[in-house]
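The values are calculated or read from the model by the stated rules, or taken from the named source; none is laboratory data. Since we're looking at a predicted model, the values are computed, not measured. Neighbour counts are summed over all protein chains in view; Cβ atoms, including those assigned to glycine, are modelled from backbone coordinates with ideal geometry.
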Amino acid sequence: MDYAIQTKKISKSFGQIKAVDQVSFEVQPGTIFGFLGPNGSGKTTTIRLLLGLLEPTEGSSNVMGFDPLSEGQKVRENCGALLEHTGLYERLTALENLDFYGRVWHLSSEERKNRIKELLEKVDLYNRRDEIVKGWSRGMKQKLAVSRVMLHRPKVIFLDEPTAGLDPVASSAFRDDLLNLVQHSGVTVFLTTHNLTEAEKLCQQVGVIKNGKLIMVGSPDELKLLKRSAVTEIVGSGFTDGLITSINQLRGIESVVLQDHHLRITFTEGADSSFLVPFLVQQGVLIEEVRKGKASLEDVFLTMMEEEND
Ligand SMILES: Nc1ncnc2c1ncn2[C@@H]1O[C@H](COP(=O)(O)OP(=O)(O)OP(=O)(O)O)[C@@H](O)[C@H]1O
Ligand SMILES: [Mg+2]
């Protein structure tokens, strides 16, 4: 098994709505993968597919070597998930909550004691373990909820917008504690967010989803680069090595990648790209299609930025 999570052209439709549309990606074990997208883009639906809580319309996925469709129970045993609800009992103390879940997972009393101490210390809540959860702030509850999810040492955890509803200070503290919890634990984290800063801070890899379609996967650095620069994709024929070299030498070009009949050209920030198509035609390229990649990605960021500034 090479990947902790893998999807192959997975799709889920609800009537006419394509909530998830042919999404393929891989998540390396032990990394934090951020699934970034505006409201209604298909993030939660993807998590529910990966947990085997929904049946895909098409395509398949794999979580820790198990198929969520036929081996949902195995997947859920090996995973932890924090979805919409924290799963906490408000009238119990933090300790009682975790102890309860420890019993659910059949941890011995010794294991429960040690594990709970270890987790709560990492999120700075150990000295508050005997307080009733009801009076806690949302940020504290979220930290306790992630500790709950980590209790049985799952291989993969899914966190669906864990900082939603937290103010900027609480979000930032939560992120630090989350890193504390997961670093060096070997756990793979699949996290959804519509906060770009959060993805940059936490994730090694980020996938951007919009209207159910995965529009890019890359490191946060690559994402930033794309955000700033325009990308033009040309579909056609007649691309030669010599041509690629000469494009690379043109002003304002950041990178040129040729794959089959697709030429993908990234421009540096603010560069003028209007010369490109006439240049290619002049060089004898037969152009079938020209796509400007910036627009859709830019849309996503604009939508997310508005939300971030709330
Ligand atoms: N059970 C369902 N029945 C019908 N439509 C659904 C169902 N679940 C999701 N959808 C639709 O699928 C699309 C994707 O929804 P999803 O909840 O996955 O988005 P999201 O990215 O998690 O959004 P948000 O950021 O608001 O949580 C939306 O158009 C939504 O209305
Ligand atoms: Mg959602």
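For this structure, a couple of remarks:
- The requirement of being within 16 Å of ligand 2 (Cβ to nearest atom) and assigned to a helix (DSSP H, G or I) is not satisfied by Arg115.
- Remark: pairs (first residue in segment 199-219, closer than 22 Å to Ser11 by Cβ; second residue among the basic types (Lys, Arg) and within 12 Å of ligand 1 (Cβ to nearest atom); Cβ separation under 9 Å; 6+ apart in sequence or on different chains) = Ile209/Lys43; Asn211/Lys18; Gly212/Lys12; Gly212/Lys18; Lys213/Lys18.
- Taking the listed residues Gly30, Gly40, Gly34, the one that is within 15 Å of ligand 2 (Cβ to nearest atom) and surrounded by fewer than 20 Cβ atoms within 10 Å (Cβ to Cβ) is Gly40, with no other qualifying.
- Some residue of segment 66-75 being assigned by TED's automatic domain parsing to the domain that holds Lys201, assigned to a helix (DSSP H, G or I) and within 13 Å of Val156 (Cα to Cα): yes
- Residues of segment 147-170 that turn out to be touching a Gly at 6+ places or on another chain (Cβ under 8 Å), outside any loop (DSSP other than H, G, I, E, B) and surrounded by 20 or more Cβ atoms within 10 Å (Cβ to Cβ), as a count: 6
- Under the condition of being within 16 Å of ligand 2 (Cβ to nearest atom) and not acidic (Asp, Glu), the residues counted in segment 158-173 number 7.
- Which numbered condition Leu191 misses (of (1) at pLDDT below 90; (2) closer than 23 Å to Asp167 by Cβ): (1)
- Residue within segment 175-182 that is buried (at least 17 other Cβ atoms within 10 Å of the Cβ), in a loop (DSSP other than H, G, I, E, B) and assigned by TED's automatic domain parsing to the domain that holds Leu51 present: no
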